[in-house]
Amino acid sequence: MQTTGTSLKQRVIGYLVDQAHRPRGFVGWANGRLFALRPSNRKRNVWAVALLDVRPTDRVLEIGFGPGIAIAAFAARAVRGHVFGVDHSRAMVRQAARRNAAAIRAGRVHLVQASVERLPSFGDPLDAILAVNSVGFWPGPVERLGELRRLLRPGGRIALVSQPRCPGATRDTTARAAQELQDLLTRAGFTRPRVETLDLDPPVACVLAVNPAGGPS
Ligand SMILES: C[S@@+](CC[C@H](N)C(=O)[O-])C[C@H]1O[C@@H](n2cnc3c(N)ncnc32)[C@H](O)[C@@H]1O
């Protein structure tokens, strides 16, 4: 009985993690609604966008935008710029497109269904890049972050956000996640890493860093 109970629980957890990785079908759609409605999700996304200090003419990119909360916050700031978003889930692209329909029609928001390992072209260099609770799903994160760094102008900023959603996550879980993100960024050639924390339950870490001017390519 114990074994059966444990394996069922593990299978359910595995299924939910898989759905967070690439939301799909009805459960994926419902997950996206949950991401969008959960107050802590909304707060962490809006907070992270504010930390990136986006200017009106900035060109910004979010990887793994889910239902598009941060995309909307970016669009409210980069009013004369461009907001690009990439997510490999068709269900999430649809939800985010509905949420940001007016800015898409105005030609300011551009959402693409693609994976971080096969990015489309974004034209001119970017000013800022964001990923919220997404890096943990990426294959080869150091290589992916190196590719993202090369899309940034010298001095361009990146913010990687983690709010651990594993059962029993604590302040320590968040601190360990922040350290891991900081290590990945440094290995990918970013400089001046700094960690900000938002006091939710569990706390949210945002690791910010910069593409060095004249740094490694
Ligand atoms: C846990 S959700 C977070 C969504 C949103 N950032 C938020 O905070 O509400 C992770 C998102 O990352 C996307 N994602 C995961 N791996 C990806 C990859 N390799 N390429 C593009 N998107 C990815 C998923 O489709 C999903 O929308």
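Read-outs throughout are calculated quantities, based only on the coordinates presented, and are distinct from any laboratory measurement. Since the structure is predicted, the reported quantities are computational estimates derived from the model, not experimental observations. Virtual Cβ from ideal backbone geometry, glycine too; neighbours counted across all protein chains shown.
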Amide H to amide H, which residues 5 or more places from LEU152 or on other chains are under 5 Å from it, using H placed in the peptide plane?
-> LEU126
Just how far, in whole angstrom, is the stretch 9-25 from the stretch 50-110 if you go by their alpha carbon centroids?
-> 25 Å
Computed on alpha carbon atoms, what radius of gyration and Dmax characterise the chain, expressed in Å?
-> 17.1, 61
Contour minus Cα-Cα distance for ARG153 and ALA50 (0.36 nm per residue) | 35.1 nm
With everything on Cα atoms, drop me the angle between helix 2-21 and the longest principal axis of the chain, reported from 0 to 90° to the nearest 10.
-> 20 degrees
At most 11 other Cβ atoms within 10 Å and a DSSP loop assignment: could you name the trypsin sites (Lys or Arg not before Pro) in the stretch 66-109 that fit?
-> ARG80
In Hz, Karplus ³J(HN,Hα) per residue of the stretch 61-78 (6.51, -1.76, 1.60; θ = phi - 60°; x = Gly, Pro) = 9, 10, 9, x, 6, x, x, x, 5, 5, 4, 5, 5, 4, 5, 5, 9, 7
What percent do you get for the relative contact order of the stretch 2-210 when only Cα pairs under 8 Å and 6+ apart count?
-> 16 percent
If you take the beta carbon distance between ALA102 and ASP18 as r and set R0 to 35 Å, what does 1/(1 + (r/R0)^6) give as a FRET efficiency, to the nearest 0.05?
-> 0.60
Per the rule of 0.36 nm per residue minus the C-alpha distance, extending GLU196 to ASP183 adds in nm 3.1 nm
